[in-house]
Amino acid sequence: MSESVIIVHKLTTIELGKNKIFGGAEKISWQLFTNLAKKGINVNLIAHNEKRETWSEESKTFIGIPKFRYSDEISNFLVKKAQSTQKLPILHLGANNMPYFYPQLWYYPTVCHFHEQANLLHMGNGNNISYRIFCSRFNKNTWSGYGTELKEEDYSIVHSFVDLDEIGEPNYSKEPIILYVGAIALEKGTFEYLRIANKMPNIKFYLIGSGCLWGRDDQNIQNRCPPNVQWLGLLPQKQVFEWMKKASVVVVPSHCNDNCPIVVLEAQACGTPVVASKDGGIPEILVDGETGFLVDLPDLSVENFPIEDFKKKIEYLLNENEMGKKGRKFVEEKFTWEKGIEKYLDIYKKMRQKQNEKS
């Protein structure tokens, strides 16, 4: 009997035509869903969807559930699934979904995928979890700091991955523009990005993303930007990659213990060097001085953010042509979904072996 997997993630999406815009954790769940199906795995993805969108193709099925029915309907689905099959599917949960599933974890082989510190705080010690996946060594070490140590055979560190087919060929002929891609949020360093732009008035800066920091009014967001910064709003993923390929530098000024921001890998895959805070798990996915630069943070405060250090690194990269090539090679060697899906399949295999040993 072939393997089967149920992925459960809130998967908040914003639709632009036929394009779906995901946050980092949501994107990983979606790409895991599609790449497991390519391997012939029978996979279900259950996610928030107010329209109750449900569809199937080949070996994958998407099941949309409105938020207000999420807990009850997923619980009922899992109970019926357990009653109708001899071999229970592996349950692959985004950690923020864990509170919905405690009763079901007693009989499902369950892997809990940690993406955020918030997950670690309220889901650190779930005794019914068969296996844990952490998105960076930093992520795992933070979890250990909450008082429970794990055996090596009970967890894996699996970073984010990118789809090079979706990204396409890199571009090394750059325009003198700087780019930020991500949530408009205090912890992501949006204000700091604008402060850097203020220090470089003759360079064009662009901002892609949205968020609740300045509300949803387009004009209000643009009014917050200096004259040399243009806000592009939310864009379909294909257009985001086009902007990444044009830019000389992608800036990631997080100061929130960011675990594994996928934009760092996507930019490098586009052939664009990254200047990022030496924050959280970012040093695990960027080679300082080779594929971009890491900037030390004195602390996580806004007041002490190293604006001048960011400015100097950006200025250097405006006249440098080799780091983008090294970044693309770095991603090709370590962070493609072709390599990543094998790690997930190996985890599922270990879980089945562990389950068979107990039975």
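Residue-wise test of (1) among the basic types (Lys, Arg); (2) touching a strand residue (DSSP E or B) at 6+ places or on another chain (Cβ under 7 Å).
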{"residue": "ASP154", "(1), (2)": "no, yes"}
{"residue": "ILE167", "(1), (2)": "no, no"}
{"residue": "TYR172", "(1), (2)": "no, no"}
{"residue": "VAL181", "(1), (2)": "no, yes"}
{"residue": "LYS188", "(1), (2)": "yes, no"}
{"residue": "PHE191", "(1), (2)": "no, no"}
{"residue": "LEU194", "(1), (2)": "no, yes"}
Margin query: Looking only at region 297-310, how many residues end up being within 23 Å of GLU322 (Cβ to Cβ) and either loosely packed, with under 15 Cβ neighbours inside 10 Å or among the acidic types (Asp, Glu) (or both)?
Written below: 1
Margin query: For region 165-207, give me the residue count where each residue is closer than 21 Å to ASP309 by Cα, outside any loop (DSSP other than H, G, I, E, B) and either free of Cβ contacts under 8 Å to residues at least 24 places away in the same chain or not aromatic (Phe, Trp, Tyr) (or both).
Written below: 13
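With the structure loaded, tell me whether SER248 is hydroxyl-bearing (Ser, Thr, Tyr) and closer than 18 Å to LYS313 by Cβ or whether it fails that test.
Judged against the criteria, SER248 is a match.
For every residue, the table says whether it meets (1) modelled with pLDDT of 95 or more; (2) assigned by TED's automatic domain parsing to the domain that holds PRO170.
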site: LEU318; (1), (2): yes, yes
site: ASN321; (1), (2): no, yes
site: GLY324; (1), (2): yes, yes
site: ARG328; (1), (2): yes, yes
site: ILE341; (1), (2): yes, no
site: TYR344; (1), (2): yes, no
site: ARG352; (1), (2): no, no
Notebook entry, point to check: Looking at region 299-356, which of the residues that are over 24 Å from MET200 (Cβ atoms) and of a type in the set (Ser, Thr, Tyr) is farthest from the chain's Cα centre (by Cα)?
Noted result: TYR348
Check: Inside region 208-310, counting only helices (runs of 4 or more DSSP H) that do not spill past its ends, which hold 3 or more residues that are in contact with a Gly (Cβ under 8 Å, 6 or more places away or on another chain) and under 25 Å from GLU175 (Cα atoms)?
Finding: 262-269
Notebook entry, point to check: Is region 215-223 home to any residue that is assigned by TED's automatic domain parsing to the domain that holds GLU308, touching a residue at least 24 places away in the same chain (Cβ under 8 Å) and not β-branched (Val, Ile, Thr)?
Noted result: no
Note to self: Take the residues in region 253-292 that are touching a helix residue (DSSP H, G or I) at 6+ places or on another chain (Cβ under 8 Å) and hydroxyl-bearing (Ser, Thr, Tyr); name whichever of them is surrounded by the most Cβ atoms within 10 Å (Cβ to Cβ).
What the structure shows: THR272
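The values are calculated or read from the model by the stated rules, or taken from the named source; none is laboratory data. Please read all numbers here as calculations on a predicted model, not as lab measurements. When we count neighbours, we look across all protein chains shown, and the Cβ atoms used for this are built from the backbone with ideal geometry, even at glycine.
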